[in-house]
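The structure appears below as structure tokens.
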Amino acid sequence: YTSIETSTTVRIYLPFIVRPGDPDCQWAINTTSILTSSVNTSVSGQAVTFTAIVSPSAATGTVTFADGVSLLGSGTLDSGTATFIISNLSVGNHSIVATYNGDSNYGASSATRLQTVKAATTTTLTSSANPSISGQPLIFTATVSPSDATGTVKFLNGTSTLGVGTVSGGIATCGTNNSCSTSGLGFGSLLIGATYSGDNKYGGSSGTLTQAMTVNTTTTLTSSANTATLGQTITLTAAVS
């Protein structure tokens, strides 16, 4: 077998049978490793799951996870897969390395991926009038913190996009320009959302509010008799539309 290593002392068996793990034969089957991330780009404080996939899946043992040369932790292989969860990666770019350490049958291998971590943000959403009447002009305001965040905010009515507002001084609005319209929202209880896209420094975030929309009405009043005499029964009717 081409991977058998030689040494100064060789013991020969008759019949000659070589099996992985024989103490006198340093034989290791080659492996390959793949490393994936549950979310990339992530934000500071967010839990990220790194998954190492070792092939062949019959390999056993452990996989160590490192940030560059700094050891993060380890995971035990199960059907060729080992995971490690971390939530305290600092803001910046991280070279994450997963190293399979091998076992008596399988050789070591490693994989690397770049994990980007951005600073966390919060987005809050307010309405200029809530409840409001259908057709009434509205302005939705998204406040992104920290206030030096830049980029855009997408405003949604449920899953329908209302438009996009540009963040300036931590504020983005919808309803003040043609690119983001609040007309035709309908009526009832509406879920309005604002999703901040993030920038080079900050990660994305979102906020929601429930907008109560009522329909404008008209009321007309009529009398069964006008003019009436004293003591006459009169029916007053209010019609609401």
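Quick one: how many residues across the stretch 184-241 are in a loop (DSSP other than H, G, I, E, B), hydroxyl-bearing (Ser, Thr, Tyr) and surrounded by 10 or more Cβ atoms within 10 Å (Cβ to Cβ)? The total comes to 2.
Applying the criterion of at least 2 residues that are farther than 28 Å from residue 193 by Cβ and touching a strand residue (DSSP E or B) at 6+ places or on another chain (Cβ under 8 Å) to the strands (runs of 3 or more DSSP E) found wholly in the stretch 81-128 leaves 81-86, 92-100, 109-118. Within the stretch 40-71, being open to solvent by 50 Å² or more (accessible area, probe 1.4 Å) and part of a strand (DSSP E or B) holds for 53, 55, 62, 70, 71. Selection within the stretch 140-158: residues that are of a type in the set (Ser, Thr, Tyr) and assigned to a loop (DSSP other than H, G, I, E, B). The member of this set that is surrounded by the most Cβ atoms within 10 Å (Cβ to Cβ) is 150.
Checking the stretch 172-179 against the condition returns a match, with at least one residue being closer than 20 Å to residue 128 by Cβ, touching a Cys at 6+ places or on another chain (Cβ under 8 Å), among the hydroxyl-bearing types (Ser, Thr, Tyr) and not in a loop (DSSP other than H, G, I, E, B). The sole residue among 153, 164 that is touching a Phe, Trp or Tyr at 6+ places or on another chain (Cβ under 8 Å), β-branched (Val, Ile, Thr) and in contact (Cβ under 8 Å) with a residue 40 or more places away in the chain is 153.
The values are calculated or read from the model by the stated rules, or taken from the named source; none is laboratory data. Nothing here was measured: the structure is a model prediction, and the numbers come from that model. Here the Cβ is made from the backbone with ideal geometry for all residues, glycine too, and neighbour counts use every protein chain on show. Calculation scope for accessible area: heavy atoms of the full protein, side chains included, ligands and nucleic acids excluded. Shrake-Rupley method; radii C 1.70, N 1.55, O 1.52, S 1.80 Å.
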